[in-house]
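The values are calculated or read from the model by the stated rules, or taken from the named source; none is laboratory data. Note that the structure is a prediction, hence the values are computed from the model and not measured. Counting neighbours? That spans all protein chains shown, and the Cβs are built from the backbone with ideal geometry, glycine included. What goes into the accessible areas is simple: the full protein's heavy atoms, side chains included, and nothing from ligands, DNA or RNA. Shrake-Rupley method; radii C 1.70, N 1.55, O 1.52, S 1.80 Å.
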Amino acid sequence: MNKFADKEYFRKPEDFRLISSTESKYTHVDAYEKVTGKAKYAGDFMAPNMLTAKVLHSPISRGRILSIDTSKAEALPGVKGVLTGKDFPIRITEDIEILCQGQVRMVGDPVVAVCAISEEIAEQALELIDVQYEEMPGVYDPWESIKDGAPDVQGYGYDNHNIGPTCHQQGSNDGKDIDEEFEKAAYVQHEDFKTHRIQHAPIEPHATFAEYDPEKDEWTVHQSTTMSFGDQFWLAHGFQKDVSHFHIIRPYVGGAFGSKSNWPYSEFIACEFARRTLRPVRFVQTREEEFQTMHGRHPFQIHIDTAFAEDGTILAKKADQIMDGGAYGVSHSQYAAVNLSVIWCAFPYKIDAIDFRSRRILTNTAEGGAMRGYTACQVQFAHDVNMQLAAERMGIDPIEFRKRSAMEPGYHSPAGLIVTSCSFKETLDDAAKFMRWEERKDKMGNGEGIGFAGTAFVSGTAAPVLNTPNQVQTNATVRVDLHGVVSLYSNCHDNGQGADTVMTAIVAEELGLNMNEVKLIQPSTFDSGYDSGAYGSRVTFLGGNAVRRAAVDAKRQILEVIGAKWGCEPHLLDIIDHNIICRDMGKTDLKMSWAEAVYATMLTHGGDEVVGVGSYYHRTNNAQYQGKPSNYAPSYVFSTGACHLFVDQETGQIDIDEFFFAHDCGRALNKRAVEAQLEGSIYSGLGYAVYEELKINDKGRMMNPNFRDYRMITALDMPHITTKFDYAPDPEGPFGAKECGEGTTAPIAPAVANAIHNATGLMIHELPLDPEHIWRLLKEQGLQKDHK
Amino acid sequence: MVLPKFEYLAPTTLDEAMQLYNELGSGAKIMAGGTDIIPPMRDKAPGSKCDFLIDIKHVPGLDYIEYDEKQGLKIGCLTKLYDIQTSKLVREKNPAVAQAAKYVASTQIRHKGTMVGNICNASPSCDTAPILISCGAVAKVHGRDADRDLPLGEFFKGVKKTNLEPGEIVTGLVIPPLAEDECAAYIKFSVRKAMDLAIVGVAAWLKMDGKKVVDARITLGAVAITPVRAYNAEKALIGNEISDELLQKVGVAAMSDCKPISDVRASAEYRHDMVRVFTKRAIMKALEGYKEGEI
Amino acid sequence: MKKILSFTLNGEPCEVLCEDNRSLLDLIRDDLGLTGTKKGCEEAECGACTVMIDGRPVNSCATLAREVEGCEVLTVEGLAKDGKLTPLQKQFIDKWAFQCGYCTPGMIMSAKALLDHNPNPTEQEIREAIEGNLCRCTGYAKIVEAIQATAAEMAEMAAAQKGEV
């Protein structure tokens, strides 16, 4: 069944047994394995004759490789192989070399790889390698980088002045002219914002366990990935073979947050060593490698011009945004960064005239990439604080101000976005109510503040990354055996968010079975259908819709047979608690057990097994990448974050008393899981807002690529959290569900910034809001005692 | 990542440990909990390498917390930070010491690491040193030829350097008792509430006569190459009655007592000002005292 | 040079040849194949490698294998007995106290060490007990809830037992 499935067979909300149940009726399908230590992650795979691979990285940010002497390393007993750039002549995604071939472009660039019989020998071998560089001046600031005469960051000879992908989108509704809108505005505001660099830092580092079968010329790769078909595609490209040679198995993944939707050098190196040695090869990245080479969140610099009408509604907005892309990413995978960062400017408000431009600039620093709320955390921080400042200057209550321009169901943005379900205003009201805003807003002392922020996100990114027929993003199969046991073949990537659980629940719900009667086939690129990966908040919406259709396809086949036997319309039948029931008036006492019905169906079909197939897509074209209007996702979600805090006016340290989060995610498929995602989002957003920052020195070197000085929030630092998420079901989402857990990181930083502003009167234009930054602002701006 | 090669030795008597340490010379290191030895060694940090690691945790009689009215609190070199933090005796006799122990790293580290190890590591941001210095604590040093008492105020020489002679082992700490009219506190200022290194740490020990400060010892951590006494602050404090104005003055005076650096955790400028803030707060905390169950 | 190391692992005697520079973490994972104990940072900062040694929670990455000579080491694999999950493990499941599960073994070991010492901890004490266990998914709320629920459940069980006596 495809997108246009016969929805008559879909389970009706009044019959939901598992979905959105108020009690925790279903738990993680991987629960037992995860609490007992049995769950295997990629780095847990081992074999008796396994080799360990390691990489030597560039210590400089830009330079030519003059010579590489690996002779001593090769002579070390136990070393089984050494690789350099010349062993990987192919570039991945246009500008990435597996091992540098003549030039290094950032500190941490991989230069030489070794493999040995033990980790110890591999590390000793690295120390015996002598690489001579001719150091060249690098550039570390995006504005410097685009100046005439700036160093060519990559040295490939592209005539791009270090400017990578650019997206410029202009448009209006009802023939409005943006300049005229600005002219007639009651208030025009110009603001500049700046954000910093952070890292996903999943506790599980990237790991590869690769084996090679020379008879089949086939690799089996256990990879910590959230995009296994991408790994397969790029490995095939790297080895100049077709994808049939690469069997990518996704074991448990220990968190990703965007970092595992890539194809790290480590997997190519492990695969090449496995091919050369015919032995299993393990490559587990070190924490320093994670920080330096696994592309964290882009730093942004954002200029916003906004035109407001007398009543505070937005007439028009212009934004010019540049992001520090680091040393790589001129290709399509980074188009998403500029494209999405333009979309976020259009959210979550009705803005009928827009002019947004984003550019991704190369510098000799660590590459930036997708991270939980791809560019949304940066852009929506700026654009929401922009709203807060405008509200205040126009003398309108910040909740009321946001509501006046808030998107509503049915709104078409000139950016091409079509809003379907939308409860943004309700989330604002709920946040104000929870914080007792009306009652408290004039009663807070100095140093005490409440801040709100409203943001939006996509529910199901359109692009399937690879070319697929009909732009299909997920293909799922549900197979029912003669005993009625159901197997689900789905590649919906679980990285901890619970995809395996929710997909199992969807099938169990549609077929009226218990969770443990649906067997999820542990996914791999050969075992089940294409799924483009866990990115862009697409898993539940797009994957869930595909899996649901596969289940309903199987269900329909069974109901058609039983319907014919009973002489009634098959769509009047359903499967409830292991029984086929009939809702045809006068025949409601008819009943048949699931097992019997499955057997009867097979008998009718000459013994064929019941197999349901499902696929789902949201079709767009690449128009958006050229700055033209396009509806990026099938649905959108809306959030309000609210924060009550106290600012220590001597130290600049904040103490968050309470955090409230209202999220319009349609119908929650699993309430505990949604709550957990929201709590995790607040954790992640607070880390970004206050605690985490990767610092780069004037030589392009990362100063704190470790957990000691990269401050990740501990259990003692988390504030008390309350969440709310019961809003209108989405018409297209599976069972009415929408995105949760990615875009939900976006409103945290602006809510904290707005609360600090409320507490102190400080104008905040830059992240992070660590104590020293606030202290500096207090010194520069002074405490605005009468700001209230 | 693999640790560099070394030989692990586990003596079971102090004499045996001393003999090994003196025979093996500068290539040998003494280890108790090892939490400040193993991770830097793996990172190949400067000064972390050694040929012999002498683990003294099997030496009996060095894991104790005792109190005697005259000498005060006695803590063995194998006594773990967690045990100090949770000790009823320490919390009762000198809660600031328990608090300082609790500030170190994480629960896991404190279950393995020792207070003596924490000071012997001689990190400028060492969490337990300022309060020990302010309280006038003494390290019991066991040497090949003689034992000696080394006041904590004279213990530190530089970053990761102490004034221990080659072959000397610290077997314990003695922290003088707090008299009725004396009080002490330590405050660590860091961005995170755990797992973080201090931006500044300030310990205050005061001898009071009503509202008047009779004597004071203020020690600053993380703002110089070693923990340092804030003599100017002490001078401003001694002989005066506590007031908001006095505390402001003392805080400013403390700023002239330190030479902070800028690093990835904070700028020198910020540290300087935080010395001012936390000197005041440490003094106030000492006067206020620790409540039951606070630590 | 490898030497014999003897200790008790999850209640069973264990004798293994090991180098002096082997960490307890690498010994457990790579030599003994118990991969439930996780490697996250190797610098005693993330707590994913937490195990219990003689009842204390420690970072096995910052522990030499040699240090556990004669000690009792407990890893996550040693918790469930006779096919039964412990109350703590069950509460981690019920309260949805994990997502990716990578920090979970270390988290459970820290929580167990806490409850063994302090069966009735306050929320603050719970948070302190897991301050050295970084979780990147949950925001800790559900973990704290699971530990609280375990304490309550164990108190109830203890009270019921008392009642029976």
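For a protection proxy built on the mean count of beta-carbon atoms within 10 angstrom, sort C:28-40, A:531-543, B:253-265 highest first, please.
On the way: C:28-40: 22.0, A:531-543: 29.4, B:253-265: 18.6.
The peptides rank, most packed first, as A:531-543, C:28-40, B:253-265.
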Q: Spit out the partnerless Cys residues in chain A, using Cβ distances under 4.7 Å as the pairing rule.
A: A:100, A:115, A:167, A:271, A:345, A:377, A:422, A:492, A:568, A:582, A:643
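If you count, for each residue, the other Cβ atoms within 10 Å and average over each peptide, how do A:468-475, A:727-734, C:62-69 line up from highest to lowest? Provide the component values of the computation, followed by the final result.
Working: A:468-475: 19.6, A:727-734: 21.1, C:62-69: 24.4.
Packing order, densest peptide first, comes out as C:62-69, A:727-734, A:468-475.
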Q. Volume per residue, Å³, of the convex hull around the alpha-carbon atoms of chain A?
A. 169 Å³
**Q.** Residue among B:143, B:130, B:89 farthest towards the positive dipole end of the range B:69-158, charges placed on Cβ
**A.** B:89
Q: State the answer as a single residue: which of A:225, A:167, A:386 lies farthest towards the positive end of the charge dipole of chain A, with beta carbon charges of +1 for Lys and Arg and -1 for Asp and Glu, about the Cα centre.
A: A:225
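Arranged from highest to lowest average of other beta-carbon atoms within 10 Å per residue, in what order do the peptides A:546-554, B:13-21, B:274-282, B:72-80 appear?
A:546-554, B:274-282, B:72-80, B:13-21
Charges only on Cβ, +1 for Lys and Arg, -1 for Asp and Glu: so what's the dipole of the protein assembly as shown about the Cα centre, in debye to the nearest 20? Walk me through the numbers on the way to the answer.
On the way: 132 positive and 173 negative charges, 53 e Å.
With Lys and Arg at +1 and Asp and Glu at -1, about 260 debye.
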**Q.** Proportion of all alpha-carbon pairs of the range B:65-175 beyond 19 Å (%)
**A.** 39 percent
Q: Return the lysines within reach of residue A:350: Cα separation strictly under 26 angstrom, same-chain partners fewer than 8 residues apart disregarded; answer none if there are no such residues.
A: A:176, A:184, A:194, A:317, A:318, A:403, A:425, A:433, A:628, A:724, A:738
Q: Run the numbers on chain C and let me know its relative contact order in percent, using alpha-carbon pairs under 8 Å that are six or more apart.
A: 22 percent
Q: Could you state the angle between the C-alpha long axis of helix C:141-164 and the longest principal axis of the C-alpha atoms of chain C, as a value from 0 to 90 degrees rounded to the nearest 10?
A: 70 degrees
Q) For the range B:198-288, treating each Cα as an identical point scatterer without solvent, what Debye log10 I(q)/I(0) comes out at q = 0.11, 0.25 1/Å? A) -0.27, -1.20
Q) From the phi of every residue in the range A:28-43, what ³J(HN,Hα) in whole Hz does the Karplus formula 6.51 cos²θ - 1.76 cosθ + 1.60 yield, where θ is phi - 60° and glycine or proline is x? A) 3, 5, 9, 4, 4, 5, 6, 8, 10, x, 7, 4, 9, 9, 3, x
Q: For the range A:59-71, take each phi angle, set θ = phi - 60°, evaluate the Karplus expression 6.51 cos²θ - 1.76 cosθ + 1.60, and give the result in whole Hz per residue in order, putting x for glycine and proline.
A: x, 10, 8, 7, x, 9, 8, 7, 7, 10, 10, 10, 4
Q: Once every Cα of the range C:3-78 carries one equal point scatterer and solvent is ignored, give the base-10 log of I(q)/I(0) from the Debye formula at q = 0.18, 0.21, 0.23, 0.25 Å⁻¹, two decimals.
A: -0.60, -0.84, -1.03, -1.24
Q | Other-chain or far-sequence residues with amide H under 5 Å of residue A:252's (modelled H) | A | A:40
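Determine the alpha carbon to alpha carbon distance for each of B:5/B:49; B:49/C:39; B:211/B:259 and list only those over 19 Å. Mind showing how you got there, number by number?
Values: B:5/B:49 9 Å; B:49/C:39 23 Å; B:211/B:259 31 Å.
Too far apart for the 19 Å limit: B:49/C:39; B:211/B:259.
Over the range A:24-117, what number does the Rg to Rh ratio reach, with both radii from the alpha-carbon atoms and Rh per Kirkwood? Mind showing how you got there, number by number?
Working: Rg = 19.3 Å, Rh = 16.4 Å.
Rounded to two decimals, Rg/Rh equals 1.18.
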**Q.** Surface/4 of the Cα convex hull for chain C, nm²
**A.** 10.1 nm²
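Compute the projected area of the convex hull of the Cα atoms of the range A:695-734, averaged over all viewing directions, and report it in nm² to one decimal place. Don't jump to the answer; show the numbers that get you there.
Working: hull surface 27.0 nm².
Answer in nm², one decimal: 6.8.
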Q) Any idea how far the Cα center of the range B:202-233 sits from the one of the range A:421-444, in Å? A) 48 Å
Q: With a 1.4 Å probe and every protein chain left in place, tell me how much accessible area residue A:56 has, in Å² to the nearest 10.
A: 40 Å²
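Calculate for the protein assembly as shown the 222 nm mean residue ellipticity that helices alone would give, adding -39,500 (n - 2.57) per DSSP H run of length 4 or more and normalising by residue count, nearest 500 deg cm²/dmol. Display every interim value, and only then the final one.
Working: 34 runs with 347 residues, N = 1248.
My calculation for the protein assembly as shown gives -8000 deg cm²/dmol from helical runs alone.
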Q) Got a sec? Charge dipole of chain A, +1 on Cβ for Lys and Arg, -1 for Asp and Glu; which of A:523, A:691, A:508 is way out at the positive end? A) A:508
Q) Taking the range C:87-160 on its own, what percent of its Cα-Cα pair distances exceed 19 Å? A) 23 percent
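For the range B:65-175, what is the charge dipole size about the Cα centre, in debye to the nearest 20, if Lys and Arg each add +1 at the Cβ and Asp and Glu each add -1 at the Cβ? Walk me through the numbers on the way to the answer.
On the way: 15 positive and 12 negative charges, 80 e Å.
Computed charge dipole of the range B:65-175: roughly 380 debye.
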Q. Quick one: helix C:104-117 against the long Cα principal axis of chain C, what's the angle to the nearest 10°, folded into 0 to 90?
A. 70 degrees
Q. Averaged over peptide A:247-255, how many Cβ atoms belonging to another chain are found within 10 Å of each residue's Cβ?
A. 3
**Q.** For the range B:155-203, the spread of Cα positions along each principal axis, largest first, Å
**A.** 37, 34, 16
Q: Sequence neighbours fewer than 8 away in the same chain don't count; with that in mind, list the lysines whose C-alpha is under 17 Å from residue B:93.
A: B:70, B:74, B:102, B:207, B:285, B:291
Q | Alpha carbon centroid spacing (whole Å) that separates the range B:91-113 from the range A:29-80 | A | 37 Å
(Q) Only protein chains counted, 1.4 angstrom probe. Which residues of the range B:84-114 are at least 20 Å² less accessible in the assembly than when their chain is isolated? (A) B:102, B:107, B:108, B:109, B:111, B:112
Q | Only Lys, Arg (+1) and Asp, Glu (-1) charged, at Cβ; the range C:3-78 dipole about Cα centre in debye | A | 120 debye
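When you look at the Cβ of every residue in C:90-98, what mean number of other chain Cβ atoms sits within 10 Å?
On the way: counts 2, 1, 4, 8, 4, 4, 13, 4, 8.
Mean number of neighbouring Cβ atoms from other chains: 5.
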Q: Please report Rg over Rh for the range B:7-55, where both radii come from the alpha carbon positions and Rh follows the Kirkwood definition.
A: 0.98
